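Single-structure report; data block below.
The values are calculated or read from the model by the stated rules, or taken from the named source; none is laboratory data. Please read these numbers as outputs of a predicted model, since none were measured by experiment. Cβ sites come from the backbone with ideal geometry, for glycine too, and all protein chains shown count toward neighbours.
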Amino acid sequence: MSDLNRFRYTMESCNHCGQCKWILPSRMWGWDFAEVCPIHARYGFDACSGQGLLNMARERMENKLQWSEGMAKLVHGCTACGACDVNCKSVRDMELQETIYALRQDCAESGFLPEAKRRTAENIRKTGNRHGLPPEERLARLPEDLTEDENADTVLFLGCDIYRRPETALAAIRILKAGGVRFRILREERCCGAYLWRAGLREQAAEQMGQNARLFREQGIRTVITACAECFGSFRNYYPRVTETPFETKHITQIAAELIRDGRLRLRGTEKPLTLTYHDPCMLGRLSETYVPWEGEIRSYGLHVPEKHWNRGENGVYDPPREVLKAIPGVTLKEMVRYKEEAWCCGAQAQETDPDLAAFTAGERLREAAFTGAEAIVSCCPYCRDALSPEGEQPVRYLDLTEFLAAHIREEAEA
Amino acid sequence: MSLSEELYREFAAIVGEKNISREEYILAGNRAQTPEIPMAHKSADAILLPGSAEEVAQIVRLCNKHRIEYVGVVAGCIPTAYSTRENSIIMHFKRMNRILEINEEDRYAVIEPGVRHIQLYPEVRKRGLSYTAAAVGPGGSVLVNIACTGGDHHVQYGTSRPTRYLLGVEMVTPEGEILRTGSLQTGSGWFCPESPGPSLRSIVKGYAGNAGKLGIVTKIAVALDRCKGPAEIRTEGISPHHKVFMDSDCSRVYVFNYKDIQDVCRAMLALGEAEVCATVQKYFYLPLTLMMTDSANEFWKKWTGGYKEALSMPLVVHIAAHSLREREYEEKILFDVVRETGGERIPRELEKWWEEHMDYFMIVSRLQSVLRLGGSWLPQKAGAESVQHMCDVCESIGTYIHDFTDTGKIFDAPENYQIIPMEYSHFASNELLIMWDRTDPKAMSYVGELGAVSRATDAKRHFYSSSPGVAGKAGEATGRLYSNVHVWMGRIREAFDPFYQSGL
């Protein structure tokens with residue numbers, strides 16, 4: 001039974017004001033870069049937007065609309081990036097993102113989960129990672145002489161990306177070691193489960209998350225560090241829904257910014273002046289706020305009893321990545337029109353179900369990045385990396401922030 | 001009744017396969033019941049995304065041929081943006097979204113229907129220009145606000161109402177012809193709204209904008225004003241806590257509270273006579289409190305904790321000057337006027353909120369927070385006459401509204417009306433905003449009662465305080481006050497839309 005009924009108030013409150021589709025006035029710039037919703041920008045129909053998904057959810061709840069392959073493709077083509085939710089909540093008390101999650105849950109429970117997503121979920125079930133690769137390969141590309149502190153209560157969570165691109169994990173390790181952070185790596189970690197939650201596979205997600213949370217508890221872990229935005233958002237926003245989380249989650253950019261501020265991480269300059277622009281990953285930014293459960297009654301004129309905590313995107317991790325980049329001598333940081341809580345999504349979440357939409361969305365972001373005059377777009381999410389570094393010539397190149405930072409650590413010998 | 005396969009193919013041939021859909025999940029996005037309207041909307045049989053006036057004209061002709069209702073939609077947040085019967089289509093103007101020209105010398109912009117305020121406003125502002133955006137959110141259509149609806153805005157004191165910013169018009173008539181009015185029809189450009197002879201634009205568009213709904217407006221020229229203020233507005237913060245930073249030498253905001261609307265009236269007239277200040281308005285106190293809070297719960301705490309009294313009759317004033325000296329001059333006059341009329345500045349912490357949001361477009365984007373209370377709402381008394389007349393109308397509200405607010409039939413905010421002077425107080429618009437609990441099954445009957453009492457009061461006291469209805473019961477009730485406009489509108493419609501296919 002899906003959660004759709006829990007969001008009846010939200011569905012019945014929408015008046016099609018359009019705030020879910022357009023950038024907030026605080027960031028307005030002009031005719032271009034004014035949209036925030038990739039599916040709306042691409043397809044144009046009102047149904048292809050946060051508002052439209054609410055309308056579909058309502059008709060599903062009222063049993064007036066049946067699932068079809070086309071509808072499932074749209075619902076999963078939506079990147080669930082949360083831009084609509086932040087914009088809606090700038091003026092309303094509605095749970096748009098949660099309703100989209102519930103609609104996806106309904107989609108899965110109705111047997112319409114797109115085939116590509118079903119395959120990935122099966123990979124996770126069988127192997128503990130998205131790619132379906134043998135778990136024993138997970139740490140194969142880490143250095144054999146990697147020294148860890150087996151007694152540390154901090155873990156570097158490597159995530160599924162370690163299978164494809166160990167360079168990011170190696171860079172994170174280098175940052176932590178250079179900063180003198182005690183940490184360990186857990187051989188038994190599994191996929192964080194974000195993929196499953198977003199696909200609407202609630203039970204499988206809960207099982208996956210429960211395994212990791214149990215592992216952290218058993219190993220006495222109190223801090224989880226990750227270089228993956230998806231894992232970060234998952235630990236902060238999805239885990240509290242299904243399991244106890246007696247641990248703190250930090251992104252590598254938060255750790256690095258602290259180390260730089262404390263003078264524990266010294267950096268060398270770029271070979272030549274470099275103008276960069278930073279792309280906020282959804283799961284590190286607006287979707288990374290800690291989830292606070294609420295059960296209660298909505299009385300006349302919107303009074304929530306007991307009082308409800310609202311995640312409006314305000315407390316995402318926006319500044320640490322920027323602090324880190326600005327701390328590297330030679331780097332000039334330029335902002336895109338849509339940044340921080342208003343960032344345009346990279347489109348990665350649509351790659352499996354709607355590759356054309358994904359390419360359009362990424363293309364828009366690269367065009368916006370180039371518009372700033374930057375030579376490269378920097379981010380810190382493996383899925384943003386996939387989306388923003390497609391094959392062929394691009395208007396700007398992509399840099400991984402963790403790897404870029406690690407490459408500019410000044411070793412003691414240099415100092 | 002759904003469209004036949006053959007007819008659907010004909011529509012698809014006009015707009016292209018990617019720009020038409022009859023999938024139920026796509027139709028769902030344009031038929032959902034919205035909180036302010038108690039009835040469910042009809043579902044269109046298809047939604048089309050035309051790309052040009054020529055495509056619109058072809059669609060209209062096809063609709064006429066097959067007796068299919070067509071409805072034009074951009075944002076979809078007004079009650080007329082829905083199908084009203086079976087056998088209908090919706091034309092959505094997402095693709096017709098170009099700013100075709102911004103003429104800085106003659107000060108006009110030529111736009112298509114899909115251009116939103118969030119797109120045009122910063123573009124003209126970069127050029128030191130502005131226009132009066134109606135009080136809708138950033139996603140509202142500029143063309144719809146200026147050419148097709150009668151919405152007003154809060155900046156009009158120093159300028160005029162949006163409909164007066166309409167210059168040349170290109171539209172597709174109900175018979176499917178492309179019509180160009182004003183200077184356009186003589187090939188003289190976009191800048192003039194009329195040309196010799198009868199005002200075809202006014203006849204076709206009708207007094208009541210979208211309620212007249214004759215054909216589809218496909219391009220307009222919008223008149224632009226010079227803008228006092230920075231080309232780009234500097235902001236800081238993360239939503240929902242953005243702040244605006246204005247040049248403090250040239251921009252100041254003051255909010256005064258009054259006890260008597262007639263004193264507000266005297267202040268408005270005196271400021272207008274002196275031709276000072278950029279914005280002067282008596283604002284709604286319920287939306288004002290909502291805009292200053294982040295959730296319904298926070299609203300309730302502040303509303304019952306002193307805001308209702310502190311903001312009971314607020315006069316909001318924005319001074320936008322070219323220089324420090326000009327600002328100081330206007331301030332001196334303002335303070336003299338306020339002293340003479342008995343206004344008192346509200347507590348600084350409340351006034352500061354306005355200062356930090358004092359770009360009116362940003363204020364308007366916050367206005368949607370009215371809906372945070374989860375109820376339904378209805379603007380009433382949306383009329384325009386002299387400042388004195390509008391103030392008298394609003395004063396009369398107190399003679400009957402307490403029967404509704406004190407008994408819980410509607411939200412307890414009896415003074416929740418606004419008065420916007422325009423053209424330096426040469427005339428004004430007013431609006432009473434009522435809210436009610438949408439979960440109360442009797443709420444609509446209360447609203448009906450209130451509407452009837454309001455209209456009766458207007459008729460008895462000869463008030464011109466409501467936009468006249470152009471058809472049906474609303475036309476019968478108010479049309480006679482306005483030279484039988486409902487009769488004339490009916491005749492115009494018969495003449496221009498013989499098949500009654502444009503949705504109403």
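Number of residues in segment B:113-126 that are within 11 Å of chain A (Cβ to nearest Cβ) and outside any helix (DSSP H, G or I): the value is 4. Checked across segment B:169-192, the condition of being under 26 Å from B:Ile319 (Cα atoms), in a loop (DSSP other than H, G, I, E, B) and either modelled with pLDDT under 80 or touching a strand residue (DSSP E or B) at 6+ places or on another chain (Cβ under 6 Å) (or both) holds for no residue.
Quick grid of which residues meet (1) free of Cβ contacts under 8 Å to residues at least 24 places away in the same chain; (2) touching a helix residue (DSSP H, G or I) at 6+ places or on another chain (Cβ under 9 Å); (3) over 26 Å from A:Ala350 (Cα atoms):
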{"residue": "A:Glu144", "(1), (2), (3)": "yes, no, yes"}
{"residue": "A:Tyr163", "(1), (2), (3)": "no, yes, no"}
{"residue": "A:Ile175", "(1), (2), (3)": "no, yes, yes"}
{"residue": "A:Trp197", "(1), (2), (3)": "no, yes, no"}
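Residue by residue, here is whether (1) out of contact with any Lys or Arg (no Cβ under 7 Å at 6 or more places or on another chain); (2) at pLDDT 95 or above; (3) outside any loop (DSSP other than H, G, I, E, B) holds:
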site	(1), (2), (3)
A:Ala374	no, yes, no
A:Val378	yes, yes, yes
A:Pro395	no, no, no
A:Leu405	yes, yes, yes
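Of all the residues in segment A:309-330, those that are aliphatic (A, V, I, L, M), more than 13 Å from A:Glu289 (Cα to Cα), buried (at least 20 other Cβ atoms within 10 Å of the Cβ) and in contact with a strand residue (DSSP E or B) (Cβ under 8 Å, 6 or more places away or on another chain) number 2. Restricting attention to segment A:21-72, the residues that are farther than 19 Å from A:Glu368 by Cα, charged (D, E, K, R) and out of contact with any Leu (no Cβ under 9 Å at 6 or more places or on another chain) total 4. Among the numbered conditions (1) part of a loop (DSSP other than H, G, I, E, B); (2) surrounded by fewer than 17 Cβ atoms within 10 Å (Cβ to Cβ), the only one that A:Phe112 does not meet is (2).
Tallying residues that are touching a Cys at 6+ places or on another chain (Cβ under 6 Å) and among the aliphatic types (A, V, I, L, M) within segment A:46-78 yields 3. For segment B:4-32, filtered to residues that are aromatic (Phe, Trp, Tyr) and within 33 Å of the chain's Cα centre (by Cα), the residue that is surrounded by the fewest Cβ atoms within 10 Å (Cβ to Cβ) is B:Phe11.
Yes/no matrix, rows are residues, columns are (1) closer than 24 Å to A:Ala406 by Cα; (2) away from every other protein chain (no Cβ under 11 Å); (3) under 28 Å from the mean Cα position of the chain (by Cα); (4) modelled with pLDDT of 95 or more:
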{"position": "A:Ile260", "(1), (2), (3), (4)": "yes, yes, yes, yes"}
{"position": "A:Gly269", "(1), (2), (3), (4)": "yes, yes, no, yes"}
{"position": "A:Leu274", "(1), (2), (3), (4)": "yes, yes, yes, yes"}
{"position": "A:Thr277", "(1), (2), (3), (4)": "yes, yes, yes, yes"}
{"position": "A:Gly285", "(1), (2), (3), (4)": "yes, no, yes, yes"}
{"position": "A:Trp294", "(1), (2), (3), (4)": "no, yes, yes, yes"}
{"position": "A:Tyr301", "(1), (2), (3), (4)": "no, no, no, no"}
{"position": "A:Trp310", "(1), (2), (3), (4)": "no, no, yes, yes"}
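Among the residues of segment B:208-231, not a single one is surrounded by 20 or more Cβ atoms within 10 Å (Cβ to Cβ), over 17 Å from B:Glu349 (Cβ atoms) and within 13 Å of chain A (Cβ to nearest Cβ). Of all residues assigned to segment A:334-353, none qualifies as being surrounded by 16 or more Cβ atoms within 10 Å (Cβ to Cβ), over 20 Å from A:Leu287 (Cβ atoms) and in contact with a Leu (Cβ under 9 Å, 6 or more places away or on another chain). Could you please let me know if B:Arg438 is assigned to a loop (DSSP other than H, G, I, E, B) and touching a helix residue (DSSP H, G or I) at 6+ places or on another chain (Cβ under 8 Å)? So B:Arg438 fits the description; yes. Could you list, in sequence order, the residues of segment A:112-171 that are within 23 Å of A:Glu207 (Cα to Cα), of a type in the set (Val, Ile, Thr) and in contact with a Pro (Cβ under 9 Å, 6 or more places away or on another chain)? Selection gives A:Thr127 alone. For segment A:88-105, does any single residue satisfy the condition of being more than 9 Å from chain B (Cβ to nearest Cβ), over 25 Å from B:Leu367 (Cα atoms), in a loop (DSSP other than H, G, I, E, B) and modelled with pLDDT of 95 or more? No; the residues of segment A:88-105 include none that is more than 9 Å from chain B (Cβ to nearest Cβ), over 25 Å from B:Leu367 (Cα atoms), in a loop (DSSP other than H, G, I, E, B) and modelled with pLDDT of 95 or more.
To keep it simple, each residue is scored yes or no on (1) at the interface with chain B (Cβ under 7 Å from one of its Cβ atoms); (2) of a type in the set (Lys, Arg); (3) surrounded by 21 or more Cβ atoms within 10 Å (Cβ to Cβ).
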residue: A:Leu4; (1), (2), (3): no, no, no
residue: A:Gln19; (1), (2), (3): yes, no, yes
residue: A:Leu24; (1), (2), (3): yes, no, yes
residue: A:Gly30; (1), (2), (3): yes, no, no
residue: A:His40; (1), (2), (3): no, no, yes
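Restricting segment B:286-336 to residues that are β-branched (Val, Ile, Thr) and within 13 Å of chain A (Cβ to nearest Cβ) leaves a set whose member that is nearest to the chain's Cα centre (by Cα) is B:Thr289. Inside segment B:72-107, residues that are closer than 22 Å to B:Glu5 by Cβ, within 14 Å of chain A (Cβ to nearest Cβ) and surrounded by fewer than 23 Cβ atoms within 10 Å (Cβ to Cβ) make up a count of 0. Output the number of residues of segment B:422-441 satisfying the condition of being over 15 Å from the mean Cα position of the chain (by Cα) and touching a residue at least 12 places away in the same chain (Cβ under 8 Å). Count: 10. Within segment A:199-209, is there a residue that is touching a strand residue (DSSP E or B) at 6+ places or on another chain (Cβ under 8 Å) and buried (at least 22 other Cβ atoms within 10 Å of the Cβ)? No, the conditions are met nowhere in segment A:199-209.
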